[in-house]
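Peer 1: Here it is: the structure, laid out below.
The values are calculated or read from the model by the stated rules, or taken from the named source; none is laboratory data. Remember, it's a predicted structure, so these values are computed and weren't measured experimentally. In this analysis, Cβ positions are derived from the backbone assuming ideal geometry, glycine residues included, and neighbour counts consider all displayed protein chains. Ligands, DNA and RNA are stripped out before the accessible areas are found, and what is left, the full protein with its side chains, is counted by its heavy atoms. Shrake-Rupley method; radii C 1.70, N 1.55, O 1.52, S 1.80 Å.
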Amino acid sequence: VQLQAFGGGLVQAGGSLRLSCQYSGVTLGRPGMGWFRQAPGKEREFVATISWSGSNRSYADSVTGRFTISRDNSKNTVSLQMNSLQPEDTAVYYCAAKRATSISTMARYYDYWGQGTEVTVSS
């Protein structure tokens with residue numbers, strides 16, 4: 001199983017970025033997916049999650065209304081549209097997959113992780 005996240009970069013406060021994660025692997029089945037982030041000196045935290053069908057989604061309070069998670073199962077991709085970015089959004093963003101189809105806000109329920117993509121928001 002492989003997960004590859006891309007789309008990070010440097011953006012000014014108030015700007016937008018779109019992260020994408022492509023996953024592959026026969027054993028993955030119909031995975032629920034999530035995005036997490038880890039800022040320098042801080043613990044990894046939950047950002048957003050989406051079920052296999054896309055009908056269930058959940059967001060961290062800090063990103064609700066600004067970030068949108070979506071997926072295209074025909075392309076095995078999950079995306080995170082990030083708007084109104086703030087310096088506190090600066091972090092390495094990781095996509096993760098769980099074998100179960102449901103959502104989860106807890107990192108321990110995810111089975112596979114990508115390598116991360118760095119997002120830097122300047123003030």
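Peer 1: Have a look at 30, 66 and point out the one that is modelled with pLDDT under 95 and basic (Lys, Arg). Before you say what the answer is, go through the steps one by one.
Peer 2: Values: 66 fails: modelled with pLDDT under 95.
Going through 30, 66 in turn, the sole match is 30.
Peer 1: If you don't mind, another one. Would you mention how many residues in region 1-34 are part of a strand (DSSP E or B) and charged (D, E, K, R)? Step through it out loud before you land on a result.
Peer 2: At the first step, the residues of region 1-34 found to be part of a strand (DSSP E or B) are 2-6, 9-12, 17-24, 32-34.
Narrowing the set further to residues that are charged (D, E, K, R) leaves 18.
Residues flagged as part of a strand (DSSP E or B) and charged (D, E, K, R) within region 1-34 amount to 1.
Peer 1: So, one more: With the checklist (1) exposed (fewer than 15 other Cβ atoms within 10 Å of the Cβ); (2) under 10 Å from the mean Cα position of the chain (by Cα); (3) of a type outside the set (D, E, K, R) in hand, flag the one item residue 79 doesn't pass.
Peer 2: (1)
Peer 1: Could you check residue 100 against (1) buried (at least 18 other Cβ atoms within 10 Å of the Cβ); (2) touching a residue at least 60 places away in the same chain (Cβ under 8 Å) and say which number it fails?
Peer 2: The single condition residue 100 does not satisfy is (1).
Peer 1: Oh, and also: Note down all Cβ pairs under 6 Å where the first residue falls in region 8-35 and is over 29 Å from residue 88 (Cβ atoms) and open to solvent by 60 Å² or more (accessible area, probe 1.4 Å), the second is among the hydrophobic types (A, V, I, L, M, F, W, C) and not in a strand (DSSP E or B), and they're at least six residues apart or on different chains.
Peer 2: Sorted first by the residue in region 8-35, then by its partner, the pairs are 30/52.
Peer 1: Looking at (1) within 10 Å of the chain's Cα centre (by Cα); (2) part of a loop (DSSP other than H, G, I, E, B), can you tell me which one residue 74 breaks?
Peer 2: It is condition (1) that residue 74 fails.
Peer 1: Which of the residues belonging to region 77-113 are part of a strand (DSSP E or B) and of a type in the set (Lys, Arg)?
Peer 2: 98
Peer 1: Going through region 51-82 one residue at a time, which ones are among the aromatic types (Phe, Trp, Tyr) and within 25 Å of residue 13 (Cβ to Cβ)?
Peer 2: Matches in region 51-82: 59, 67.
Peer 1: Please work out if residue 32 is under 14 Å from residue 79 (Cβ atoms), under 15 Å from the mean Cα position of the chain (by Cα) and among the small types (Gly, Ala, Ser).
Peer 2: no
Peer 1: Can you pull out every residue in region 16-43 that is farther than 14 Å from residue 5 by Cβ and of a type outside the set (Gly, Ala, Ser)?
Peer 2: The answer is 26, 27, 28, 30, 31, 40, 42, 43.
Peer 1: Same structure, new question: Give me a count of the residues in region 38-58 that are out of contact with any helix residue (DSSP H, G or I) (no Cβ under 8 Å at 6 or more places or on another chain), in a strand (DSSP E or B) and crowded, with 19+ Cβ neighbours inside 10 Å.
Peer 2: Within region 38-58, residues that are out of contact with any helix residue (DSSP H, G or I) (no Cβ under 8 Å at 6 or more places or on another chain), in a strand (DSSP E or B) and crowded, with 19+ Cβ neighbours inside 10 Å number 4.
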